[in-house]
Amino acid sequence: MKHVLSSDQYTRESLEEVFALADKVRTHQEEYKNKLEDKIIAIMFYEPSTRTRLSFETAALKLGAKIITTENAGEFSSAAKGETIQDTVNVISGYADALVIRHKSVTSAIDAASVEKMPILNAGAGKGEHPTQALLDLYTIKRKRGKIDGAKVAILGDLLYGRTIHSLIKLLSLYDNIEIYGLSKDVFALPQEYIDMLKSRGIEYKKCNSFDELPKDLDVIYHTRIQAERFEGDFGKEEFIINKKVLDTFSSNTILMHPLPRVIEISTDVDDDPRACYFEQAHNGLYVRMALLLQVLDRA
Ligand code: NCD
């Protein structure tokens, strides 16, 4: 059974298949509009979402599938009564053909997949991973830059709890001559396990302390929101804010990415800058998620 659980499951070849299919559905939408007409996709989100949920729903609808969903599953589904993810999946598999799940537990997607009754798509698992976001992030880098090998990428914001960061650097590490620079408050530094993972794949992670320490010819600046809902206490606001003045110290080819939602880390005065591509990035998610639904349901 095919699932999308973690960036760990991908190789360069399988990533190319996702990207090629995303390009194909994008340019031949008419051909794909009935591909999943006999399928029902269940969407269970136990945490807030705008883009991920709506893009998965749109992806399913554009492929002709129907969707079943529960508003705020943490509050309104039987999880609130103590039901396990495995029991929920056992039940939903009697109704739907695939499950898109977002949950605060790091192991939620793996737990759901362990039932082996239906394809599971991990739409965010606590502070762990968010592989479908990483796929659309990488797809965006490829579309903007033409290739991924040799990319110089800076990751900013919440590197500790930011699941999009975790999934993205795993995918980047599959490519050649990647450079990764980190800039965050110390309390939100990248966990050692990820630094070790990069090292084991030949990438020396470079922790920086100011914008000045980042190379000016970065290919990508990837900022993220401090994930305040994942910790107790107040560690203050983001210190490394990208505004027009900061962005203008980087190359005209540096692209500025963010999984969204943003809070203060990117100011709106750069939204019109041609280097800002977070809205385009979100739009790309639709085609990547269409490709993923087709793949897990064997209609690629
Ligand atoms: C991210 C997430 O949920 O991890 N959002 C998203 O899916 N685009 C990032 C975030 O919430 O900060």
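Values as computed for the structure displayed
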read-out: Any chance residue 67 is modelled with pLDDT of 95 or more, surrounded by 15 or more Cβ atoms within 10 Å (Cβ to Cβ), among the β-branched types (Val, Ile, Thr) and over 21 Å from residue 126 (Cβ atoms); value: yes
read-out: Members of segment 187-203 found to be within 14 Å of residue 155 (Cβ to Cβ) and either assigned to a loop (DSSP other than H, G, I, E, B) or hydroxyl-bearing (Ser, Thr, Tyr) (or both), listed by number; value: 189, 190, 191, 194, 203
read-out: Number of the exception - residue 220 against (1) loosely packed, with under 15 Cβ neighbours inside 10 Å; (2) out of contact with any Phe, Trp or Tyr (no Cβ under 6 Å at 6 or more places or on another chain); (3) closer than 26 Å to residue 148 by Cα; value: (1)
read-out: Test: residue in segment 91-105 that is among the basic types (Lys, Arg), part of a loop (DSSP other than H, G, I, E, B) and more than 16 Å from the ligand (Cβ to nearest atom); value: no
read-out: Some residue of segment 217-224 being in the same structural domain as residue 278 (by TED's automatic domain parsing), more than 21 Å from the chain's Cα centre (by Cα), closer than 30 Å to residue 48 by Cβ and of a type in the set (A, V, I, L, M, F, W, C); value: no
read-out: Per-region count, segment 230-266, residues at pLDDT 95 or above, farther than 12 Å from residue 156 by Cα, over 21 Å from the mean Cα position of the chain (by Cα) and part of a loop (DSSP other than H, G, I, E, B); value: 7
read-out: The listed residue being under 20 Å from residue 135 (Cβ atoms), of a type in the set (A, V, I, L, M, F, W, C) and assigned to a helix (DSSP H, G or I), out of 36, 21; value: 21
read-out: Hits in segment 203-238 (condition: within 25 Å of residue 126 (Cβ to Cβ) and either of a type in the set (Asp, Glu) or out of contact with any Leu (no Cβ under 9 Å at 6 or more places or on another chain) (or both)); value: 226, 228, 229, 232, 233, 234, 235, 236, 237, 238
read-out: Tally of residues being away from the ligand (no atom under 16 Å from the Cβ), assigned to a helix (DSSP H, G or I) and free of Cβ contacts under 8 Å to residues at least 40 places away in the same chain across segment 134-180; value: 1
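The values are calculated or read from the model by the stated rules, or taken from the named source; none is laboratory data. Just so it is clear, the structure is predicted and the values come from calculations on it, not from any experiment. With ideal geometry, Cβ positions are generated from the backbone for all residues, glycine too; neighbour counts draw on all protein chains shown.
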